[in-house]
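Worksheet: one structure, shown below.
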Amino acid sequence: MAEPSGTTPAKGITARWWSALWRPSMRYSLGTLLIAGVIGGVLFWGGFHWAMELSNREAFCVSCHEMRNTVYKELKETVHFTNPTGVRATCADCHVPREWAYKVRRKIAATNELYHKVVGTIDTPEKFEARRLVLAQKIWATMKATDSRECRNCHSAESMNLATQNRLAQRKHKAATEKGQTCIECHQGIAHELPAGWDAR
């Protein structure tokens, strides 16, 4: 059927939407929304990243007495805290992955620790010691599953000069490499006291 003379063909819904969207009166609004969205995204991302890094600081980790009065005291007595070179590992160096995806996963898992802080699971030295073995085994299992990823941020088997190590260390490191063992399988007590009831076998 022919269109009556003097009328324009009816526009499809897409064409009407597109022409309404790009009317001169709408361009400023869309541009404003786009700019506001970009600025909002940058602020959100920056704030999120800032909060993630803030929670990686040692001051944050030891802000609760459960950590400050137990495992942090123990760390201060080890080579990871004081040594001839002055290179020191912080809590996050050993317990928080550097890669973004793994770091976010670890931070999500840490919300469980906040729950236990609130309910007081380890709020006394006695409660902490009663749970130390369970807590340590969870950390050891995680480190074993990730091939001691956080240890390898600083230590590399390929960079070890076995000739400068004592004979026992040479033998153990050579055997571990041949067996495909990971750091945590031999170095459980490297930064904190070993739990009562722990058995290396």
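The values are calculated or read from the model by the stated rules, or taken from the named source; none is laboratory data. Worth saying up front: this structure is predicted, and the values here are computed from it rather than measured. Reconstructed Cβ throughout: ideal geometry from the backbone, glycine too, with neighbour counts over all protein chains shown. Quick note on the areas: whole protein, heavy atoms, side chains included, nothing else; ligands and nucleic acids left out. Shrake-Rupley method; radii C 1.70, N 1.55, O 1.52, S 1.80 Å.
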Checked segment 79-96 for anything aliphatic (A, V, I, L, M) and open to solvent by 40 Å² or more (accessible area, probe 1.4 Å); matches are V79, V87
Of the conditions (1) surrounded by 12 or more Cβ atoms within 10 Å (Cβ to Cβ); (2) acidic (D, E); (3) farther than 21 Å from G189 by Cβ, E99 clears all except one; give me its number. (1)
If I ask for residues that are in a helix (DSSP H, G or I) and surrounded by fewer than 14 Cβ atoms within 10 Å (Cβ to Cβ), which ones from segment 55-64 would you list? A59
Condition set out of contact with any helix residue (DSSP H, G or I) (no Cβ under 9 Å at 6 or more places or on another chain) and touching a residue at least 60 places away in the same chain (Cβ under 8 Å), scope segment 107-146, selection surrounded by the most Cβ atoms within 10 Å (Cβ to Cβ): answer is A136
Within segment 101-137, track down each residue that is in a helix (DSSP H, G or I) and among the hydroxyl-bearing types (S, T, Y). Y102, T111, Y115
If E77 passes every condition in (1) of a type in the set (D, E, K, R); (2) under 18 Å from H187 (Cα atoms); (3) in a helix (DSSP H, G or I) but one, which one does it miss? (3)
Residue count, segment 174-187, condition of a type outside the set (D, E) and open to solvent by 40 Å² or more (accessible area, probe 1.4 Å), comes to 7
Would you tally the residues in segment 150-173 being open to solvent by less than 60 Å² (accessible area, probe 1.4 Å) and either under 30 Å from K103 (Cα atoms) or not in a helix (DSSP H, G or I) (or both)? 7
Options G197, G189; residue that is assigned to a loop (DSSP other than H, G, I, E, B), small (G, A, S), more than 19 Å from R68 (Cβ to Cβ) and under 27 Å from the mean Cα position of the chain (by Cα): G189
Determine if segment 70-78 includes at least one residue that is open to solvent by 80 Å² or more (accessible area, probe 1.4 Å), more than 23 Å from the chain's Cα centre (by Cα) and at pLDDT 90 or above. yes
